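To keep things clear, I will list the structure first and then write my remarks on it.
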Amino acid sequence: MGLMPAGATNPLSPVNQQTAFGTFKESGSRDQDVVYAQKETMLAPYKNLKRVAVIGLVIGGLFTITIFMAFFGIPCVIGSWLLWRFQARQVANIEAGYAQYLASAGMSPAGAFSSAQSLGSAG
C-alpha cells in the first residue's frame, strides 16, 4: 500500500479512547518523546483519510456544479462528509487516550516543550 505508513493498521477500523490508552500503556514508556511518537504513528492513517475526504469533497463539489453530473457529485459529497466525521472522531479518541495516559503517568502534555522553552529563555 503506497499511502500507508510503515506499521500502520487499517484506517477504517475504529479506535476508542480505551484502546488508545491501552496502546500507550503497552508501550511501557514514561518518556514523553516516545509516547508522542506512538501517538503520531496512531494518527498517521487518519491523516490520509482526511486528505481523501478533502479530495472527495472537491470532486463531488465540481461534479455537483455541472448539473449533468450531480447524481454522482451529491453522493460523493455525502460520503466524503461521513469520512471526514469518522476520521475526526478517531483523532479525538486518540487525543483523549493520549491525554488520559499522560494524566495517569503524571506527565504534563507540554512538559518537554515548556522545560526546553524555559532553558532557552534562561540563557
Pick from region 13-28, criterion touching a helix residue (DSSP H, G or I) at 6+ places or on another chain (Cβ under 7 Å) and among the small types (Gly, Ala, Ser), ranking: surrounded by the fewest Cβ atoms within 10 Å (Cβ to Cβ): SER27
Report, ordered by the first and then the second residue, all pairs with beta carbons closer than 9 Å, sequence separation of six or more or different chains, a first member in region 1-21 that is at negative phi and of a type in the set (Phe, Trp, Tyr), and a second member that is part of a helix (DSSP H, G or I) and modelled with pLDDT of 80 or more. PHE21/ALA96; PHE21/GLY97; PHE21/TYR98; PHE21/GLN100; PHE21/TYR101; PHE21/SER104
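So that you can scan it fast, the table gives a plain yes or no per residue for (1) open to solvent by less than 80 Å² (accessible area, probe 1.4 Å); (2) outside any helix (DSSP H, G or I); (3) at pLDDT below 90:
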position	(1), (2), (3)
ARG30	no, yes, yes
VAL52	yes, no, no
GLY61	yes, no, no
PHE68	no, no, yes
ASN93	yes, no, no
GLY120	yes, no, yes
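The values are calculated or read from the model by the stated rules, or taken from the named source; none is laboratory data. Note that the coordinates shown come from a computational prediction; the quantities given were computed from them, not determined experimentally. Here the Cβ is made from the backbone with ideal geometry for all residues, glycine too, and neighbour counts use every protein chain on show. Side chains included, ligands, DNA and RNA excluded: accessible areas come from the protein's heavy atoms. Shrake-Rupley method; radii C 1.70, N 1.55, O 1.52, S 1.80 Å.
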